[in-house]
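Colleague: Before I ask anything, let me first share the structure, which is written out below as structure tokens.
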Amino acid sequence: MGIYGQAIIKTAAAHKQTVLALGRDEDKLDQQKQAGLIKDYFVIAANSYEQHQQAYKAWLNTHQITVFIHCAGVGSKGSSLQKESSPAITQSIDANVNYFFSLTQALMQSHSASQCNKVIAISSRRGSVGMAADSTVSNAGCSYAYRIAKAALNMTLCCLAEEFADTGPAFYAIHPGKLISKMGVGSADVEPLVSAQRLFKQVINTDLAFGFYTLQDSNIANLAW
């Protein structure tokens, strides 16, 4: 569980929300449960979601989920054509896109489908095709794998938003801001907990139109797809 996922859980607990967590690290999930931050969790083994699909659906049917947040970010060190690799891109797409797609698909097939009103995918400004095409914006140092995967995640959100426009839930792509972390960029200036608080205040607890948004500043803003 990454630093931003932990910040979201802490913020949810502060808002008196019941948290159901999904993740790969059972020890970390169990620590969160023992600390009283989450009610229950489901462990997804790396690269084997299909093996757990039926168990996950059964788990979903024992709970009511009103807001689903997918927070995963896997990239690589391949910041150029010669440094990047196809396996790294595949791994990044699996974590950022395929898991989100499969988990959302199962959610919409479960009893929670009628209860869930918002699906949020934590994306990145690096997934903006408009930004990538802007010659004045530098993407130096950011891997091909990460940028490609986040762009694909954004397209997935667009597909879902179109399909469920009349029935819900609402779908959002959210850039948390330049987070201060071990993986953060040199110009990072947003504390994960501050971003998580903005997520609850400006996305989860408000009526917001479908879109690609950034929590970089105190006021939420649109990003180019």
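Colleague: Could you grab me the full set of residues in the range 1-32 that are free of Cβ contacts under 8 Å to residues at least 12 places away in the same chain and farther than 21 Å from GLN197 by Cβ?
Modeller: ASP27, ASP30, GLN31
Colleague: Considering only residues that are crowded, with 18+ Cβ neighbours inside 10 Å, assigned to a loop (DSSP other than H, G, I, E, B) and either basic (Lys, Arg) or more than 17 Å from the chain's Cα centre (by Cα) (or both), which ones fall in the range 92-131?
Modeller: Across the range 92-131, the qualifying residue is only SER110.
Colleague: Another question about this same structure. Regarding TYR172, is this residue buried (at least 20 other Cβ atoms within 10 Å of the Cβ) and at pLDDT below 95?
Modeller: So TYR172 does not fit the description; no.
Residues are listed down the side, and each one gets a yes or a no for (1) surrounded by fewer than 16 Cβ atoms within 10 Å (Cβ to Cβ); (2) out of contact with any strand residue (DSSP E or B) (no Cβ under 6 Å at 6 or more places or on another chain); (3) among the polar types (S, T, N, Q):
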position	(1), (2), (3)
LEU22	no, no, no
GLN64	yes, yes, yes
SER79	no, yes, yes
SER85	yes, yes, yes
THR90	yes, yes, yes
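Colleague: Please state which one of VAL185, VAL203, VAL194 is aliphatic (A, V, I, L, M), modelled with pLDDT under 95, surrounded by 13 or more Cβ atoms within 10 Å (Cβ to Cβ) and out of contact with any His (no Cβ under 8 Å at 6 or more places or on another chain).
Modeller: VAL185
Colleague: Is there any pair linking a residue in the range 62-77 that is over 16 Å from ILE44 (Cα atoms) to one that is charged (D, E, K, R) and in a loop (DSSP other than H, G, I, E, B), with Cβ under 8 Å and at least six apart or on different chains, and which?
Modeller: Filtered contacts from the range 62-77: SER76/GLU84; LYS77/LYS83.
Colleague: Just to verify a result, which residue in the range 156-169, among those that are assigned to a helix (DSSP H, G or I) and in contact (Cβ under 8 Å) with a residue 24 or more places away in the chain, is surrounded by the most Cβ atoms within 10 Å (Cβ to Cβ)?
Modeller: LEU157
Colleague: Looking at the range 197-211, I want the residues that are touching a residue at least 60 places away in the same chain (Cβ under 8 Å) and have a partner that is of a type in the set (Ser, Thr, Tyr) and assigned to a helix (DSSP H, G or I) with Cβ atoms under 6 Å, at least 6 apart or on another chain. Which pairs are those?
Modeller: Here the result reads GLN197/THR11; PHE200/THR11, each pair linking the range 197-211 to a residue that is of a type in the set (Ser, Thr, Tyr) and assigned to a helix (DSSP H, G or I).
Colleague: Whether any residue in the range 46-61 is touching a residue at least 24 places away in the same chain (Cβ under 8 Å) and within 25 Å of PRO176 (Cα to Cα) is what I want to check.
Modeller: No: the range 46-61 contains no residue that is touching a residue at least 24 places away in the same chain (Cβ under 8 Å) and within 25 Å of PRO176 (Cα to Cα).
Colleague: Here is a list of conditions, (1) in contact with a strand residue (DSSP E or B) (Cβ under 8 Å, 6 or more places away or on another chain); (2) at pLDDT 90 or above; (3) among the small types (Gly, Ala, Ser), and GLY127 meets all of them except one; can you say which number that is?
Modeller: (2)
Colleague: Those residues that are over 21 Å from GLY141 (Cα atoms), touching a helix residue (DSSP H, G or I) at 6+ places or on another chain (Cβ under 9 Å) and of a type in the set (S, T, N, Q), I need them from the range 155-202; list them, please.
Modeller: Hits for the range 155-202 are THR156, SER195, GLN197.
The values are calculated or read from the model by the stated rules, or taken from the named source; none is laboratory data. Please read all numbers here as calculations on a predicted model, not as lab measurements. Cβ atoms come from the backbone with ideal geometry, glycine included; neighbour counts cover every protein chain shown.
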